[in-house]
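Reviewing the structure listed below.
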Amino acid sequence: MWRYSIAMNDEFVNAIDKSEVSAKTKTTYASNYRRLMNITEDKPILCYTEPQLIKVLSAIDAPPMSVNGILSVCMLLRNSVHLSTKKLEKYRKSLYETYYDNKEANNTDVLKDKLVSINQLTDFVSSRWLSNDYTSFIINYLLLKYGLRNADVNLTIVKSKAHATDTNINYIYFTSNYVVFVVNDYKTRDVYGVKKFTIKSRPFINACKILLDDKEEHKLIESNNKNAFIQSRTLNKIGSGMIFKSVVSELYANGMKNEIRKLGKSRGTSDSTMEKDYIIDLN
């Protein structure tokens, strides 16, 4: 019979006793629960809302899969008392996305070989416009200018703000002089809130108009495998994660820290995470 090696709060004891996981998994849960208690200074986890828990988890300085282990404990506790874990499940998906984006991060030489310059990325965006590949143009414009993730550019183009009503969908809508890009659905929304970008680029506006045409709405990405679709549309198929690494690493090499902070803000990523996971020393 599995035994607790250290004293545990009632919330954890009740949750783990209801679970049907193996003794080894229970031991892992217990270890991660104690880590979580150290972070929260022994405040019970069930006192936190999902957005509050996501904020706590996002501040943990650890690899994505380590954070995922702690997240599993939060979900175990909430499930044991029939509380929603919908937002935590969404956050878990984002942790996996970060993990796969960065799984080569231990090999700096490999990463350096894959990095591309900002000029190359800018030229590629222009080439998509000139070749009338408006979907790829919009995707790469947003990835380059705002440092976004794949999920952020999974968006729907609509005629006006009145048509952008679903708070779980990312939208581009038209005004008289510009378009507004609203990011409702992204990794750290519960920390940073809804993001809105005003875009006045005429080629970008025209690309959106061409794709929308006379329809009520246009989904930018129809593929079931959205990550693969987006990666296939990027320069050398490097994907959004490598585009972001390329941009911030070049900015860092040129001492442009304010520009890095702006990208971190638009992406919804803290300075510490930027430095730890994305900046590659080019020297």
First in the stretch 182-193 and free of Cβ contacts under 8 Å to residues at least 40 places away in the same chain and part of a strand (DSSP E or B), second anywhere and surrounded by 18 or more Cβ atoms within 10 Å (Cβ to Cβ) and of a type outside the set (A, V, I, L, M, F, W, C), Cβ under 6 Å, 6 or more apart
VAL182/TYR171; VAL183/ASP152; VAL183/ASN170; VAL183/LYS195
Going by the conditions given, is LEU235 under 17 Å from LEU121 (Cα atoms) and either β-branched (Val, Ile, Thr) or assigned by TED's automatic domain parsing to the domain that holds LYS195 (or both)?
yes
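A quick yes/no check of all residues on (1) under 29 Å from HIS163 (Cβ atoms); (2) in contact (Cβ under 8 Å) with a residue 12 or more places away in the chain; (3) of a type in the set (S, T, N, Q):
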position	(1), (2), (3)
CYS208	yes, yes, no
SER223	yes, no, yes
VAL247	no, yes, no
ASP281	no, yes, no
Regarding LYS196, is this residue touching a residue at least 24 places away in the same chain (Cβ under 8 Å) and of a type in the set (Lys, Arg)?
no
Mind listing whichever residues of the stretch 147-181 are crowded, with 20+ Cβ neighbours inside 10 Å and assigned to a helix (DSSP H, G or I)?
ALA151, ASP152, VAL153
Within the stretch 172-219, which residues are farther than 17 Å from LEU148 by Cβ and hydroxyl-bearing (Ser, Thr, Tyr)?
TYR173, THR175, SER176, TYR178
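The values are calculated or read from the model by the stated rules, or taken from the named source; none is laboratory data. Remember, it's a predicted structure, so these values are computed and weren't measured experimentally. Positions of Cβ are backbone-derived with ideal geometry, glycine not excepted, and every protein chain shown enters the neighbour counts.
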